[in-house]
1. Which numbered condition in (1) surrounded by 14 or more Cβ atoms within 10 Å (Cβ to Cβ); (2) aliphatic (A, V, I, L, M); (3) outside any helix (DSSP H, G or I) is the only one that A28 fails?
2. Report whether or not L77 is surrounded by fewer than 16 Cβ atoms within 10 Å (Cβ to Cβ), in contact with a helix residue (DSSP H, G or I) (Cβ under 6 Å, 6 or more places away or on another chain) and not acidic (D, E).
3. Test V21 against the stated conditions and say whether it is among the aliphatic types (A, V, I, L, M) and loosely packed, with under 13 Cβ neighbours inside 10 Å.
4. Looking at segment 40-56, is at least one residue within 14 Å of T5 (Cα to Cα), within 14 Å of the chain's Cα centre (by Cα) and not hydroxyl-bearing (S, T, Y)?
5. Out of the residues in segment 61-74 that are touching a helix residue (DSSP H, G or I) at 6+ places or on another chain (Cβ under 6 Å) and not in a helix (DSSP H, G or I), which is surrounded by the fewest Cβ atoms within 10 Å (Cβ to Cβ)?
6. Could you tell me whether L58 is at pLDDT below 85 and surrounded by 13 or more Cβ atoms within 10 Å (Cβ to Cβ)?
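The values are calculated or read from the model by the stated rules, or taken from the named source; none is laboratory data. Since the structure is predicted, the reported quantities are computational estimates derived from the model, not experimental observations. So basically every Cβ, Gly included, is an ideal-geometry build from the backbone, and we count neighbours across all protein chains shown.
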Amino acid sequence: MKTLTLLACAMADRGWRVRLVVPDYTAAPPFGMTPDINVVRVSTGSGPRGLRMARFYLRLPRAVADGADVCIANFYLTAHAAFVARVMHRSLRVVYFLQGDEAESHGRLALLNPQYELVVTSNDTTAPG
């Protein structure tokens, strides 16, 4: 979560309107966030944590697609929700932010399917051009 929050802060610092969508049962992050980031807590009701998680992922596509141009998904379950959001709102662009070993396991899927686009990044933070 910290890496994604750092990315969100950098985008907000560059003038993007950034919305971080989280379930209502999560704690506040233990690290600083710029006040320009709009944190949206998706209501999951009461009950066992597993049931609340299921409600969150079912409600996530609508919460993500609402007024967004770009969705950055950082976990395979959020990537699935982002795909559903893309189906609901065709103008939405989805970026799957691979972290850790996901680049190895999930990145190979892109090589097998020509409809997927594998984006490789570097530590270079300079803007192109």
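1. Single failed check for A28: (1).
2. Values: surrounded by fewer than 16 Cβ atoms within 10 Å (Cβ to Cβ): yes; in contact with a helix residue (DSSP H, G or I) (Cβ under 6 Å, 6 or more places away or on another chain): yes; not acidic (D, E): yes.
Yes; evaluated as a whole, the condition is true for this residue.
3. Details: among the aliphatic types (A, V, I, L, M): yes; loosely packed, with under 13 Cβ neighbours inside 10 Å: no.
Judged against the criteria, V21 is not a match.
4. yes
5. Of the residues in segment 61-74, the ones touching a helix residue (DSSP H, G or I) at 6+ places or on another chain (Cβ under 6 Å) are 61, 64-65, 71, 73-74.
Next, only the ones that are not in a helix (DSSP H, G or I) stay: 71, 73-74.
On the way: C71: 25, A73: 21, N74: 18.
Here the answer is N74.
6. Working: at pLDDT below 85: no; surrounded by 13 or more Cβ atoms within 10 Å (Cβ to Cβ): yes.
The answer is no for L58.
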